[in-house]
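Each remark here refers to the structure printed beneath this line.
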Amino acid sequence: MDLSVVIPLYNESESIEELNKWITNTLISERISFEIIYIDDGSSDGSWDIIKRLANNSDNIKGILFSKNFGKSQALNAGFIECHGTYVATLDADLQDSPEEIPEMINKIKKGNLDLISGWKKKRYDSLVFKKIPSKLFNFVARYTSGIKIHDFNCGIKVYKSDVIKSIDVYGDMHRFIPIIAMNEGYNKIDEHIVKHQARKFGKTKFGNERFMRGFLDIITLWFMNKFGKRPMHFFGSMGTIMFIIGIIFTCYIGYEKLFIKTSGRLITERPEFFIALTTIIIGIQFFIAGFIGEIVLNSNSNKKRYQITEKTFD
């Protein structure tokens, strides 16, 4: 099979059938063998009934239903597990991204021997204040911290080689940073493709402005996990050692002054140096404890499922 199209969705019943027809006509005209995997992230508007009907009428259509809304990252992860295509495309279900871009993106991967290619919504039909400006700031920070020179990390349309998505774990709200996660696993042949962005045809966006704040925090998480995720003691131990050394220096200074230099009759506990030494030593010990706990958690590595599947249209 040439291509798997993975589509996470939440309350998009008005657009599913039109999107499915659009994808199907595009890929058939390009003579691309394909499967479409819809992941219903706990919709309450009848989206699952539409997906089941489409799956019953075509062997190319698969559906996965979550028991409740677990989030886009979990939906993508479930779709990635089930896909069988040589290439894997992700697409949002809101009709804002065109599936007609996918064949050209696949050709770019083949010609450039790329691992993945990300869409770039260069011209956007979104609010300037609430979408465009925060998005530009967010993408600038992501480029700066990751070193990946793409303009739109959050674009829903992306195409991957299958071994890329089979090697990564998408969790939390990390769907925005799949290129960074892939790079951290050694897949650094990454490029972008300018895609046409269209105004939302039905309903309204399911994501609020708080996603940008969560995105910035996720960037910090990814940076830390890339640097110290496999050995947290390297970070916490280093910080603890620095704090501990500062505390010992101040302790030695107080002891030297008390023994060899005539000072006023103030008690040691009345001196600011005493509290600096005490605080830094305590902080140093806490950093060491955090490092030990991190190592224990890493080595125990619980594999608890992050989502619950209620129903599938396939075995």
Running a GNM on the chain with Cα contacts under 10 Å, which residue among Asp191, Asp45, Asp92 ends up with the highest mean-square fluctuation?
Asp45
Which percentage, to the nearest 5, of the DSSP beta bridges contained in the chain is antiparallel?
35 percent
Per residue of the range 67-72, what does 6.51 cos²θ - 1.76 cosθ + 1.60 with θ = phi - 60° give for ³J(HN,Hα)? Whole Hz please, x for Gly and Pro, Karplus curve as stated.
5, 7, 7, 9, x, 5
If you wrap a convex hull around the C-alpha atoms of the range 1-131 and split its volume per residue, what is the figure in Å³?
127 Å³
What list of ³J(HN,Hα) couplings, whole Hz, do you get for the range 33-40 from phi and the Karplus terms 6.51, -1.76, 1.60, once you set θ to phi - 60° and write x for glycine and proline?
6, 8, 9, 10, 10, 8, 10, 7
Taking the beta-carbon count within 10 Å as an exposure proxy, list Ser73, Ser162, Ser29, Ser118 from fewest neighbours to most.
Ser29, Ser162, Ser73, Ser118
Flagged as over-length at 27 Å C-alpha distance, from Lys72/Lys121; Lys111/Lys227; Lys158/Lys312; Lys52/Lys189, the pairs are Lys111/Lys227; Lys52/Lys189
Net charge, Thr313 excluded, C-beta distance under 15 Å - Lys, Arg +1, Asp, Glu -1:
-3
Relative contact order (percent, whole number), the range 1-75, Cα cutoff 8 Å, 6+ residue spacing:
38 percent
Contact order relative to length for the chain, counting C-alpha pairs under 8 Å separated by 6 or more residues, stands in percent at 20 percent
Fewest to most Cβ atoms within 10 Å: His175, His151 sort as His151, His175
Value of D in µm² per second that Stokes-Einstein yields for the range 232-295, Kirkwood Rh from Cα pairs, at 37 °C (0.692 mPa s):
261 µm²/s
Tabulate in residue order the Karplus-calculated ³J(HN,Hα) for the range 92-98, using 6.51 cos²θ - 1.76 cosθ + 1.60 with θ = phi - 60°, rounded to whole Hz; enter x for Gly and Pro.
7, 9, 8, 6, 7, 10, 8
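Just so you know, all these numbers are worked out from the coordinates, no wet-lab data involved. All values reported here derive from a predicted model rather than from experimental measurement. With ideal geometry, Cβ positions are generated from the backbone for all residues, glycine too; neighbour counts draw on all protein chains shown.
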